[in-house]
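One structure is given below, encoded as structure tokens.
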Amino acid sequence: MNIGAVMGGGAALAEAEIAATPALLALEDVGLVYNGRVRALDGIDLAIRRGEIVGLVGESGSGKTTLCKALMGLERVTAGRISLGGQAIDALIDRDALAFRRKAQMLLQDAVASLSPRMRIGRLLEEPLRIHGLDLGEGRARILALLQRLGLPPNTLDKFPHQISGGQARRVAILRALVLNPDIIVADEPTAGLDVSVQGDLLNLMLDLQAEFGLTYLMVSHNLNVVRRVTGRTVVMYLGQIVEEAPTRALFAAPAHPYSAALLSTNPSVDPARRRARTVLKGEIPSVVNPPSGCRFHTRCPQAVARCAREAPALREAGGGRRVRCHFPLATGLAQPPDAA
Amino acid sequence: MMAGLSDSIRSGDGVAGVLARVSRSFTGLVGLLIVAAIIAIAALAPFIAPHDPDAIDVLNRFSGPSARHWLGSDHLGRDLASRLMHGATVAMAVALAAISAGLTIGTALGILAAYLPTRWERFILIIFDVILSFPSLILALAIVAVFGPSTVMVVLIVAITLIPQFGRVARAQVLTLKSAPFLEAERILGASSLRIVTSHVLPNIVGPLLVLASMDVPVVITIEAGLSFLGLGVRPPQSSWGTLIQDGYQYLSDSWIPVLVSSVALVLATLGFTLFGEALRDAADPRLNRER
Amino acid sequence: MAAPMVSIQDLVVDASTSRGTAHLLRGVSLDIGRGRILGVVGESGSGKSTLASAMLRLLPPNISRLSGQIRLDGLDLVALAPAEMEAIRGRRVAMIFQDPMTALNPLFTVGLQLIDVLRRREPGLRRADELKQAEAMLATVGIPDPRLRLAAYPHQLSGGMRQRVMIAMALMAQPDLLLADEPTTALDATVEAQIVELFDELRQRFSGSIVFISHHLGLVAELCDDLCVMYGGVIVESGPVTEVLARPRHPYTRALLDCEIDDDASGRLASIPGDVPDPLTVLTGCVFAPRCPHAAPRCLQGQPPLMELEPGRRAACIRADEVLP
């Protein structure tokens with residue numbers, strides 16, 4: 001709650017303030033290999049500081065879901081280290097799994113399906129209390145207060161998951177996470193399947209809660225507009241690797257990785273003036289079982305040269321808080337150090 | 001998209017709702033009525049039976065139906081109606097005990113098979129196959145040969161033969177459920193495996209298992225009657241539909257009534273539970289439900 | 001302008017459910033111009049998918065009422081006998097679904113399924129000619145190695161390839177009307193872009209009309225000529241897509257546009273308060289009145305008809321001239 005008093009909306013904390021705090025969640029060279037050959041995650045380096053909202057974008061096979069599961073300790077990584085508040089999560093889980101669960105929570109993509117179908121909402125909301133052996137009376141009071149805060153009518157408690165709307169199911173899922181007072185919430189596609197007319201409400205609520213409870217979000221979404229509007233920093237993944245990471249504004253203004261550029265160009269806009277020329281990539285996403293040699297994107301990259309097929313690029317600093325995994329990053333204008341001009 | 005188009009069976013409509021759906025079809029209603037009647041008679045037999053089922057009255061052997069003996073009396077002059085009612089108690093008690101034992105053990109093994117590593121899963125499946133490979137009657141004869149006939153043995157034998165089918169269905173149900181998002185959500189909240197199985201897996205697989213159980217009742221009743229008929233089940237003088245048929249069969253030349261009434265009771269019970277079970281299965285299957 | 005390819009008049013679709021009668025379409029009237037791409041947008045429960053199903057006469061069995069007219073080149077599809085409709089479906093009207101896996105038969109090769117469509121249109125072709133046409137069609141929809149793909153089964157193809165096969169099958173019939181129900185929703189962004197590009201190319205070679213149903217306003221804006229906005233089983237606004245988006249005349253369209261997140265601005269995100277209408281309720285006033293910021297007492301006196309406000313522009317709002325001139 002130490003940073004609870006920040007303004008709502010957008011990237012809640014000033015960037016300088018965030019940069020000063022130590023990383024809440026840190027991934028160092030994290031890899032995850034299934035069956036000895038499926039490289040679902042490869043060399044993931046990422047630090048998320050307290051109070052940040054980080055967006056994670058990528059298509060199927062990019063490894064974003066696997067990354068979320070690894071962060072939640074649902075999948076054990078095979079290389080590197082994930083730490084929460086400075087401690088390795090494997091050790092945290094082995095010592096006290098419930099304590100770890102109280103720190104890190106996740107909202108699943110399909111909110112309705114994430115609620116046990118034969119339990120009433122009231123009982124579902126009490127589940128975290130029972131699991132963690134928390135005081136039921138106190139917890140119920142907190143649930144009722146949160147119920148009101150999240151704009152859920154009291155009669156929701158008596159309903160079953162299939163009797164509430166998608167937006168309400170999402171609020172119930174958020175409430176279940178909040179009951180445990182977590183530090184970080186991983187939100188997998190928080191607005192997928194929601195009507196546009198209600199997604200704004202949900203995102204506003206999530207932003208308000210972030211400020212009120214001092215939360216940190218990692219938000220996975222294929223909706224680039226949502227990522228652009230809500231997050232402070234965006235990570236782009238392709239075939240199990242981070243290909244670009246940058247402050248959201250800078251990324252959307254001028255992507256440096258050819259894949260980011262193509263991905264952003266596919267985002268259709270209602271406003272003809274804002275439309276980008278679509279860069280349509282050839283072919284489809286290769287399989288992680290047998291990823292391309294060299295740069296994993298070279299098979300679809302519009303500007304790949306011979307070197308790209310041979311040599312795998314490293315994720316390099318590109319200035320302005322941006323990192324790019326490309327031998328020939330696109331000119332961003334913003335990436336130049338201020339004194340270069 | 002189209003709200004309300006699919007009003008399939010879902011959680012929260014309770015026993016009354018399910019029974020209402022069962023009785024919507026004619027056969028389901030007939031089944032429900034027979035089942036209700038048999039269960040009521042079985043439960044209340046000591047109170048509603050007009051006579052002591054074991055009271056011998058040799059002067060009134062093979063008396064036809066009368067106001068005193070509704071269905072007449074048998075070769076020892078015992079009241080047939082009372083013996084049938086007490087026979088229903090035995091049949092129901094055996095069915096209840098055997099099926100609940102088979103259901104519990106089978107479900108537990110099935111869930112274990114679905115969650116344990118492959119090696120253990122195979123081991124459990126092999127046990128199921130071994131049990132299934134014995135014809136139940138041969139298995140019964142073998143066990144009775146060793147331990148001697150008794151009601152407890154009947155229950156035990158039937159329970160063992162029922163384990164594989166409950167186990168297989170439970171395992172299949174768990175396998176389809178295992179990757180459901182709500183189980184993952186519980187795991188993220190920190191729920192233990194035991195808690196996930198008891199609070200979240202079980203409630204979602206009991207439906208099909210109970211349908212299976214109700215379809216098993218007629219099977220169990222006939223096995224019990226069959227074993228008792230062969231003298232391998234319920235011991236005389238206790239009345240069972242099987243022993244009633246056996247007794248009547250021996251004195252068929254004196255009177256055909258005992259064989260007829262006890263056989264009709266058996267047929268009615270089998271029919272009732274089968275119709276009920278089928279209607280229950282239809283009511284529990286949302287796909288069948290939607291077609292109406 | 002020539003007579004429209006499709007002219008829908010007062011189409012009503014009701015369904016009986018356990019809770020009562022659901023009004024899925026509450027009197028829809030719509031013209032689809034020849035060779036035009038019409039985008040149909042709406043949220044869940046707006047009736048946009050029901051509209052497509054009605055045009056194919058592929059409605060679920062619990063439909064209790066289907067009335068009005070759907071004239072395809074003058075022929076009223078609603079009045080046709082099922083057997084006559086059978087001859088229209090997949091021939092003059094074809095459909096592309098969101099999930100191609102449900103529409104492709106998993107047991108037959110892609111080639112066989114394409115040829116099947118071709119035989120319905122042109123029976124008695126030689127096998128070699130059939131194969132040649134099928135191969136050419138796969139090439140048209142941008143499938144590499146079309147000859148090899150003819151022998152592939154649907155499960156051997158990626159999602160994007162399957163959707164291309166679906167489109168190829170629809171085009172093979174040379175339909176007058178192509179219905180596409182959320183054809184790119186299940187696809188990844190870069191693959192979606194490829195399919196959108198394909199639709200863009202198709203408009204050059206395809207002479208029929210296309211109805212493109214989507215919940216994605218941006219996509220419709222980029223792809224379509226005309227736009228039709230649905231809400232609660234009613235068309236609330238229709239017109240050329242650029243004009244409607246630049247200057248909406250119905251408060252719902254306005255509100256929907258405001259909900260589009262399309263810039264770097266911070267601050268609160270827009271939403272529409274309230275819930276989508278329950279299909280079970282009988283309309284007594286304007287369908288959008290309960291959520292409309294401009295609702296006046298007279299808005300509660302019946303659902304306004306879709307009125308022509310200016311040439312080509314229609315909106316179902318009695319206050320359109322006051323609040324959204």
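Candidates in segment C:167-188 are the residues that are among the small types (Gly, Ala, Ser) and surrounded by fewer than 23 Cβ atoms within 10 Å (Cβ to Cβ); of these, the one that is farthest from the other protein chains (Cβ to nearest Cβ) is C:Ala173.
Scan segment C:53-75 residue by residue and report those that are hydrophobic (A, V, I, L, M, F, W, C) and within 11 Å of another protein chain (Cβ to nearest Cβ).
Of the residues in segment C:53-75, the ones hydrophobic (A, V, I, L, M, F, W, C) are C:54-56, C:58-59, C:63, C:66, C:70, C:72, C:75.
Answer for segment C:53-75, where residues must be hydrophobic (A, V, I, L, M, F, W, C) and within 11 Å of another protein chain (Cβ to nearest Cβ): C:Leu59, C:Ile63.
Enumerate the pairs (first residue in segment C:57-70 and closer than 15 Å to C:Pro279 by Cα; second residue anywhere and hydroxyl-bearing (Ser, Thr, Tyr)) with beta-carbon separation below 7 Å, excluding pairs fewer than 6 apart on the same chain, so at least 6 apart or on different chains. Between residues of segment C:57-70 that are closer than 15 Å to C:Pro279 by Cα and residues that are hydroxyl-bearing (Ser, Thr, Tyr), the close pairs are C:Asn62/C:Ser16; C:Asn62/C:Thr17; C:Ser64/C:Ser16; C:Ser64/C:Thr21. Yes or no: segment A:35-53 includes at least one residue that is at pLDDT 90 or above, under 22 Å from C:Arg268 (Cα atoms) and not in a loop (DSSP other than H, G, I, E, B). Yes - at least one qualifying residue is present in segment A:35-53.
If only residues of segment B:228-262 that are of a type in the set (A, V, I, L, M) and farther than 23 Å from B:Ile34 by Cβ are counted, the one that is surrounded by the fewest Cβ atoms within 10 Å (Cβ to Cβ) is B:Leu252.
A:Arg300 meets each of the listed conditions (1) surrounded by fewer than 20 Cβ atoms within 10 Å (Cβ to Cβ); (2) modelled with pLDDT of 90 or more; (3) within 10 Å of chain C (Cβ to nearest Cβ); (4) under 24 Å from the mean Cα position of the chain (by Cα) apart from (4). Across segment C:158-166, not a single residue is classified as surrounded by 17 or more Cβ atoms within 10 Å (Cβ to Cβ), within 14 Å of chain A (Cβ to nearest Cβ) and part of a loop (DSSP other than H, G, I, E, B).
Any residue at all in segment C:45-62 that's in contact with an Asp or Glu (Cβ under 9 Å, 6 or more places away or on another chain) and surrounded by fewer than 14 Cβ atoms within 10 Å (Cβ to Cβ)? Among the residues of segment C:45-62, at least one is in contact with an Asp or Glu (Cβ under 9 Å, 6 or more places away or on another chain) and surrounded by fewer than 14 Cβ atoms within 10 Å (Cβ to Cβ), which makes the answer yes. Would you please name the residue that is farthest from A:Gly240 (Cα to Cα), looking only at residues in segment A:260-282 that are in contact (Cβ under 8 Å) with a residue 12 or more places away in the chain, within 8 Å of chain C (Cβ to nearest Cβ) and of a type outside the set (Val, Ile, Thr)? Restricting to residues being in contact (Cβ under 8 Å) with a residue 12 or more places away in the chain, within 8 Å of chain C (Cβ to nearest Cβ) and of a type outside the set (Val, Ile, Thr), the top hit is A:Arg278.
Could you please let me know if B:Pro135 is modelled with pLDDT under 95 and surrounded by 14 or more Cβ atoms within 10 Å (Cβ to Cβ)?
Details: modelled with pLDDT under 95: yes; surrounded by 14 or more Cβ atoms within 10 Å (Cβ to Cβ): no.
Taking the combined requirement at face value, the residue does not satisfy it.
A residue that is more than 14 Å from every other protein chain (Cβ to nearest Cβ), under 30 Å from A:Lys103 (Cα atoms) and aliphatic (A, V, I, L, M) can be found somewhere in segment B:112-129.
Inside segment C:167-193, can you point out the residues that are under 28 Å from A:Ser269 (Cα atoms) and not in a helix (DSSP H, G or I)? Across segment C:167-193, the qualifying residues are C:Leu177, C:Leu178, C:Leu179, C:Ala180, C:Asp181, C:Glu182, C:Pro183, C:Thr184, C:Thr185, C:Ala186, C:Leu187, C:Asp188. Restricting attention to segment C:189-209, the residues being among the hydroxyl-bearing types (Ser, Thr, Tyr) and facing another protein chain (nearest Cβ under 7 Å) number 1.
Filtering segment B:79-106 to residues that are in contact with a Lys or Arg (Cβ under 9 Å, 6 or more places away or on another chain) and farther than 22 Å from B:Val152 by Cβ leaves only B:Asp79. Only residues that are over 26 Å from the mean Cα position of the chain (by Cα) and either outside any helix (DSSP H, G or I) or closer than 23 Å to C:Gln163 by Cβ (or both) were counted across segment C:120-129, and they come to 5. Under the condition of being touching a residue at least 60 places away in the same chain (Cβ under 8 Å) and charged (D, E, K, R), the residues counted in segment C:1-55 number 6.
Any residue that is within 11 Å of another protein chain (Cβ to nearest Cβ) and either part of a helix (DSSP H, G or I) or touching a Lys or Arg at 6+ places or on another chain (Cβ under 7 Å) (or both) - is there at least one of those in segment A:105-118? Break it down into steps so the answer makes sense when it comes.
Looking only at segment A:105-118, we keep the residues that are within 11 Å of another protein chain (Cβ to nearest Cβ), and these are A:105-118.
Next, only the ones that are either part of a helix (DSSP H, G or I) or touching a Lys or Arg at 6+ places or on another chain (Cβ under 7 Å) (or both) stay: A:111.
Checked against the condition, which is being within 11 Å of another protein chain (Cβ to nearest Cβ) and either part of a helix (DSSP H, G or I) or touching a Lys or Arg at 6+ places or on another chain (Cβ under 7 Å) (or both), segment A:105-118 yields at least one hit.
Which count do you get for residues in segment C:130-150 that are part of a loop (DSSP other than H, G, I, E, B) and at pLDDT below 90? Going through segment C:130-150 one residue at a time, the tally reaches 5.
Applying the selection to segment A:119-135, what residues are more than 7 Å from every other protein chain (Cβ to nearest Cβ), of a type in the set (D, E, K, R) and either in a helix (DSSP H, G or I) or surrounded by fewer than 15 Cβ atoms within 10 Å (Cβ to Cβ) (or both)?
A:Arg123, A:Glu126, A:Arg130, A:Asp135
For segment A:252-280, a residue qualifies if it is more than 14 Å from A:Gly58 (Cα to Cα), among the hydrophobic types (A, V, I, L, M, F, W, C) and either at pLDDT 85 or above or not in a helix (DSSP H, G or I) (or both), and the qualifying residues are A:Phe252, A:Ala253, A:Ala254, A:Ala256, A:Val270, A:Ala277, A:Val280.
Name every residue in segment B:190-229 that is more than 30 Å from A:Gly133 (Cβ to Cβ) and hydroxyl-bearing (Ser, Thr, Tyr), in order of residue number. Before the answer, list the steps.
Quick first cut of segment B:190-229, residues more than 30 Å from A:Gly133 (Cβ to Cβ) only: B:207-229.
Correct list: B:Ser214, B:Thr222, B:Ser228.
Of the residues making up segment C:281-295, those that are surrounded by 14 or more Cβ atoms within 10 Å (Cβ to Cβ) and assigned to a loop (DSSP other than H, G, I, E, B) are C:Leu283, C:Gly285, C:Cys286, C:Val287, C:Phe288, C:Cys292, C:His294, C:Ala295. Scanning segment C:245-290 for residues that are under 21 Å from A:Gln199 (Cα atoms), among the basic types (Lys, Arg) and more than 8 Å from chain A (Cβ to nearest Cβ) gives a single hit, C:Arg254.
If a residue has to be of a type in the set (S, T, N, Q), more than 10 Å from chain A (Cβ to nearest Cβ) and farther than 23 Å from B:Ile131 by Cα to count, how many in segment B:165-214 make the cut?
Number of matching residues: 4.
B:Ala55: in a loop (DSSP other than H, G, I, E, B), among the small types (Gly, Ala, Ser) and surrounded by fewer than 21 Cβ atoms within 10 Å (Cβ to Cβ), yes or no?
Against the criterion (in a loop (DSSP other than H, G, I, E, B), among the small types (Gly, Ala, Ser) and surrounded by fewer than 21 Cβ atoms within 10 Å (Cβ to Cβ)), B:Ala55 qualifies.
Of the set (1) under 28 Å from B:Ser214 (Cβ atoms); (2) outside any helix (DSSP H, G or I); (3) not basic (Lys, Arg), all apply to B:Leu252 but (1).
B:Ala265 falls short of the stated requirement of being crowded, with 19+ Cβ neighbours inside 10 Å and closer than 30 Å to A:Leu134 by Cβ. Restricting the search to helices (runs of 4 or more DSSP H) fully inside segment A:136-231 and requiring at least 3 residues that are in contact (Cβ under 8 Å) with a residue 60 or more places away in the chain gives A:166-178, A:196-213, A:224-230.
The residues of segment C:189-217 that are of a type in the set (Asp, Glu) and surrounded by fewer than 22 Cβ atoms within 10 Å (Cβ to Cβ), listed by number, are C:Glu197, C:Asp200, C:Glu201.
The values are calculated or read from the model by the stated rules, or taken from the named source; none is laboratory data. Note that the structure is predicted; figures quoted are calculated from it, not measured. Note that we place each Cβ from the backbone using ideal geometry, even for glycine, and neighbour counts take in every protein chain shown.
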